[in-house]
2 protein chains.
Amino acid sequence: MAFSFSDFAATDGGVTLPALGKIAVVGSGAVGCYYGGMLARAGCDVTFLMRSDLAVVQERGLTINTGGESIHVAAQAKETSREIGPCDVVVIALKATANGALDEIIPPLLHAGTMLVTLQNGLGNEEYLAERWGKERVAGGLCFVCLNRTSPGVITHFDHGSISVGEYGRGISPRVEALVQALGIGGIEAKAVEDLVCERWRKLVWNVPFNGLAIAANGATVADVLEDEVLRTEARGLMEDVRDGAARLGYEISKEFADFQIERSWSMGKYKASSLIDWEAGRPVEVEAIWGEPLRQGRGAGAQMPRLGLLYALLKKVAKS
Amino acid sequence: MAFSFSDFAATDGGVTLPALGKIAVVGSGAVGCYYGGMLARAGCDVTFLMRSDLAVVQERGLTINTGGESIHVAAQAKETSREIGPCDVVVIALKATANGALDEIIPPLLHAGTMLVTLQNGLGNEEYLAERWGKERVAGGLCFVCLNRTSPGVITHFDHGSISVGEYGRGISPRVEALVQALGIGGIEAKAVEDLVCERWRKLVWNVPFNGLAIAANGATVADVLEDEVLRTEARGLMEDVRDGAARLGYEISKEFADFQIERSWSMGKYKASSLIDWEAGRPVEVEAIWGEPLRQGRGAGAQMPRLGLLYALLKKVAKS
């Protein structure tokens, strides 16, 4: 299987847009709409697979509120993957708890060279895709972003927004570089990463405490966690558990990186982590991807992770997954 | 100050009842009514300080449902401690979160030799009484019992029921032996203990996980904790944290004791720990006495107690205290 992203098409501004071909976005919640919307804004051929927001987006397109401006993207949207047909890139931004639905969604989107890029949280999603559709197709992206879908077809961007993209079990490839470049043209701070799994552990340093404590503390915003000194100390303690698990698996994450995850969160204010929003709405929470799988992998490698163990047990009990 | 419990009065059955003198029970919830009721049943002169249940108890006495039988105790009850006046023994079974009220309640109950016996949970209550009214007065009792106040004046006893009584900072005394004997005559499995603080830590081995997880898991009964293998493992892990804290302070609690705390809990079934009942009713929870103070004391002595730290942070956030 050969991927070629060496052909470039010129955008209006004269910046060369890599020819990514036809892109589908599966799971058009806040994350899918934001990154897919920014690819469409860059000039890429993007179609969103949607159900609840379909009519609104077909009629009015997508609206992305960010930094005081309101960006309008005339997005294509379809209700089934069969209507979309084979694509060159499929961006998967479904909740990991809905992965079962991919068995039906993915096949109509595939040709021999289709790249699957999961933007899902936690651990285990690349493995899930690789087992079913071949590991050579699979790449992943880690989004560091505060977003909410505020009404149908409307995404509100609160803070941050960078994305790290990498291959699954391989180094940086031309197709990953092309995707990063296109995201950059759309206005996203994107970078290619050599080791996706290491990046996933780095992301868990934030997600494990802030998504988890949000629910376990019965509805705590980022500010609620940070402003309560006892809870903030535990958030930092949970980061130590994640660092320990990662280190045992060969991924060294510095103390300074963890400290910075606390520091950089102050600007998020009353932001509700995505898992909290799901939990409050009675939707499933990615308990296994964010807490269960890291705990199992870390403990399998000899880490204790006592705080993560307790947090996982509580979340498994209080959240649907 | 000299205490004398060497005079004995004969009960109807011919068993000698130690002359404890006049007893007041302060904080007439389930625990106060149960142990005070059993002392009254033994023939002791017991008066309950009550507010909400006062009229019912003055009219109909106390009812204690236990093991299929319904025990009726013709209890004396008053609304203020001034009406009760000086006593020889004051049993304190108020929630630790209401300790502030003792400043007004206790003084009218005191004479030079009044013994104060706290049946309250956790750590810090003997210290609280000692600071205010002198350490020579203070003793404590640890109740291992499943009780609920099921309606005004009615206590339902589900399981267990033993009590361990000890002096604060001294070995077993005649007054403690007398109290133990009177409780025994009332039908309670009571024993005198040499080291009250050690016994408090032993009790925390159960209270820390089962009261704490009950709330943190958003309303879990004892059975809910035990039947969920992940949560049960964390309950046992929390017991290790308590053992560690106790050990650093010089109190060795065996692994077997902790294992037995899990085993003995199966018979409690769907019992709701007292903290859970308080929490569900919107009442304050003894967060500092049961989780905060043990954590501070254990960490002060060099223990890490990572699970307890997280649990305390969550409880402090979700419960009034």
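The values are calculated or read from the model by the stated rules, or taken from the named source; none is laboratory data. This structure is a prediction, so every number in the text was calculated from the model and none was measured. All Cβ positions, even for glycine, are placed from backbone atoms using ideal geometry, and neighbour counts span all protein chains on display. Protein only, heavy atoms only, side chains kept; ligands, DNA and RNA dropped before computing areas. Shrake-Rupley method; radii C 1.70, N 1.55, O 1.52, S 1.80 Å.
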- Taking the range B:194-215 only, how many residues are more than 14 Å from the chain's Cα centre (by Cα) and either of a type outside the set (A, V, I, L, M, F, W, C) or open to solvent by 10 Å² or more (accessible area, probe 1.4 Å) (or both)? 5
- Task: Determine the pairs where a residue that is surrounded by 24 or more Cβ atoms within 10 Å (Cβ to Cβ), located within the range B:20-38, has a partner that is hydroxyl-bearing (Ser, Thr, Tyr) with Cβ atoms under 6 Å apart, the partner being 6 or more residues away or on another chain.
- Result: B:ALA24/B:THR47
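This table checks each residue for (1) of a type outside the set (Asp, Glu); (2) crowded, with 17+ Cβ neighbours inside 10 Å; (3) touching a helix residue (DSSP H, G or I) at 6+ places or on another chain (Cβ under 9 Å).
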{"residue": "B:VAL56", "(1), (2), (3)": "yes, yes, no"}
{"residue": "B:GLY67", "(1), (2), (3)": "yes, no, no"}
{"residue": "B:GLU79", "(1), (2), (3)": "no, no, yes"}
{"residue": "B:VAL91", "(1), (2), (3)": "yes, yes, yes"}
{"residue": "B:LEU94", "(1), (2), (3)": "yes, yes, yes"}
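Would you confirm whether or not the range B:130-137 contains a residue that is under 18 Å from the mean Cα position of the chain (by Cα), open to solvent by 10 Å² or more (accessible area, probe 1.4 Å) and among the aliphatic types (A, V, I, L, M)? Spell out the reasoning first.
First pass over the range B:130-137, keeping only residues under 18 Å from the mean Cα position of the chain (by Cα): B:130, B:137.
Still in the running and open to solvent by 10 Å² or more (accessible area, probe 1.4 Å): B:130, B:137.
Keeping just the survivors that are among the aliphatic types (A, V, I, L, M) gives B:130.
Yes, the range B:130-137 contains a residue that is under 18 Å from the mean Cα position of the chain (by Cα), open to solvent by 10 Å² or more (accessible area, probe 1.4 Å) and among the aliphatic types (A, V, I, L, M).
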- Note on the structure: The lone condition B:SER52 fails out of (1) surrounded by fewer than 21 Cβ atoms within 10 Å (Cβ to Cβ); (2) polar (S, T, N, Q); (3) modelled with pLDDT under 90 is (3)
- Query: Restricting the search to the range A:87-97, which residues are of a type in the set (A, V, I, L, M) and not in a loop (DSSP other than H, G, I, E, B)?
  - Reply: A:VAL89, A:VAL90, A:VAL91, A:ILE92, A:ALA96
- Query: Does B:THR156 fit the bill of being in a strand (DSSP E or B) and open to solvent by 30 Å² or more (accessible area, probe 1.4 Å)?
  - Reply: no
- Message: Please return the ranges of strands (runs of 3 or more DSSP E) entirely within the range A:42-86 where 2 or more residues are among the polar types (S, T, N, Q), under 20 Å from the mean Cα position of the chain (by Cα) and at negative phi.
- Response: A:62-66
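Might you check whether a residue that is open to solvent by 20 Å² or more (accessible area, probe 1.4 Å), within 22 Å of A:GLU199 (Cα to Cα) and assigned to a helix (DSSP H, G or I) occurs anywhere in the range A:223-238?
For the range A:223-238, residues open to solvent by 20 Å² or more (accessible area, probe 1.4 Å), within 22 Å of A:GLU199 (Cα to Cα) and assigned to a helix (DSSP H, G or I): present.
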- Sort out which residues of the range A:253-284 are within 14 Å of chain B (Cβ to nearest Cβ) and in contact with a helix residue (DSSP H, G or I) (Cβ under 6 Å, 6 or more places away or on another chain), and write them in order of number. A:LEU276, A:TRP279
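How about the range A:108-124: which of its residues are without any contact (Cβ under 8 Å) to a residue 40 or more places away in the chain and either touching a Gly at 6+ places or on another chain (Cβ under 7 Å) or under 16 Å from A:PHE144 (Cβ atoms) (or both)?
Here is the first cut: in the range A:108-124, the ones without any contact (Cβ under 8 Å) to a residue 40 or more places away in the chain are A:108, A:110-111, A:114, A:116, A:118.
Those that are without any contact (Cβ under 8 Å) to a residue 40 or more places away in the chain and either touching a Gly at 6+ places or on another chain (Cβ under 7 Å) or under 16 Å from A:PHE144 (Cβ atoms) (or both): A:PRO108, A:THR118.
Give the range B:211-223 a look and list any residue that's more than 13 Å from B:ASP241 (Cβ to Cβ), of a type outside the set (A, V, I, L, M) and either within 14 Å of chain A (Cβ to nearest Cβ) or in contact with a strand residue (DSSP E or B) (Cβ under 9 Å, 6 or more places away or on another chain) (or both), or say none. Give the steps one after another, and end with the answer.
Filtering the range B:211-223 down to residues more than 13 Å from B:ASP241 (Cβ to Cβ) leaves B:211, B:214-223.
Within this subset, residues satisfying the condition of being of a type outside the set (A, V, I, L, M) are B:211, B:218-219, B:221.
Passing the criteria: B:ASN218, B:GLY219, B:THR221.
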- Item | Subset of the range B:297-321 [surrounded by fewer than 21 Cβ atoms within 10 Å (Cβ to Cβ) and either at pLDDT below 95 or more than 11 Å from every other protein chain (Cβ to nearest Cβ) (or both)] | B:GLN297, B:ARG299, B:GLY300, B:ALA301, B:GLY302, B:LYS320, B:SER321
- Being modelled with pLDDT of 95 or more and open to solvent by less than 40 Å² (accessible area, probe 1.4 Å) is the filter here, so list the residues in the range B:261-275 that pass it. B:GLN261, B:ILE262
- Query: Residue check, B:GLY292 against (1) more than 14 Å from chain A (Cβ to nearest Cβ); (2) under 20 Å from the mean Cα position of the chain (by Cα), all met but one. Which one?
  - Reply: (1)
- Qualifying helices (runs of 4 or more DSSP H) (wholly inside the range B:253-308; at least 2 residues being without any contact (Cβ under 8 Å) to a residue 60 or more places away in the chain): B:255-263, B:293-300
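For the range A:242-252, name all the residues that are open to solvent by 10 Å² or more (accessible area, probe 1.4 Å) and either within 23 Å of B:LEU295 (Cβ to Cβ) or within 12 Å of chain B (Cβ to nearest Cβ) (or both).
Here is the first cut: in the range A:242-252, the residues open to solvent by 10 Å² or more (accessible area, probe 1.4 Å) are A:243-244, A:247-252.
Those that are open to solvent by 10 Å² or more (accessible area, probe 1.4 Å) and either within 23 Å of B:LEU295 (Cβ to Cβ) or within 12 Å of chain B (Cβ to nearest Cβ) (or both): A:ARG243, A:ASP244.
Residues are listed down the side, and each one gets a yes or a no for (1) farther than 19 Å from A:GLY21 by Cβ; (2) assigned by TED's automatic domain parsing to the domain that holds A:GLY67; (3) part of a helix (DSSP H, G or I); (4) open to solvent by less than 30 Å² (accessible area, probe 1.4 Å):
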residue	(1), (2), (3), (4)
A:ALA101	yes, yes, yes, no
A:GLY113	no, yes, no, yes
A:CYS146	yes, yes, no, yes
A:LEU179	no, yes, yes, yes
A:GLY187	yes, yes, no, no
- Message: Filter the range B:183-193 down to the residues that are hydrophobic (A, V, I, L, M, F, W, C) and under 17 Å from the mean Cα position of the chain (by Cα) and list them by number.
- Response: B:LEU183, B:ILE188, B:ALA190, B:ALA192, B:VAL193
- Query: Any idea which of B:LEU226, B:LEU238 is among the hydrophobic types (A, V, I, L, M, F, W, C), within 14 Å of chain A (Cβ to nearest Cβ), closer than 23 Å to A:TYR312 by Cα and in contact (Cβ under 8 Å) with a residue 60 or more places away in the chain?
  - Reply: B:LEU238
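Of all residues in the range A:176-209, count the ones that are within 21 Å of A:TYR251 (Cβ to Cβ) and away from chain B (no Cβ under 14 Å).
Step one: list which residues in the range A:176-209 are within 21 Å of A:TYR251 (Cβ to Cβ), which gives A:176, A:191-209.
Still in the list and also away from chain B (no Cβ under 14 Å): A:176, A:191-207.
The qualifying residues number 18.
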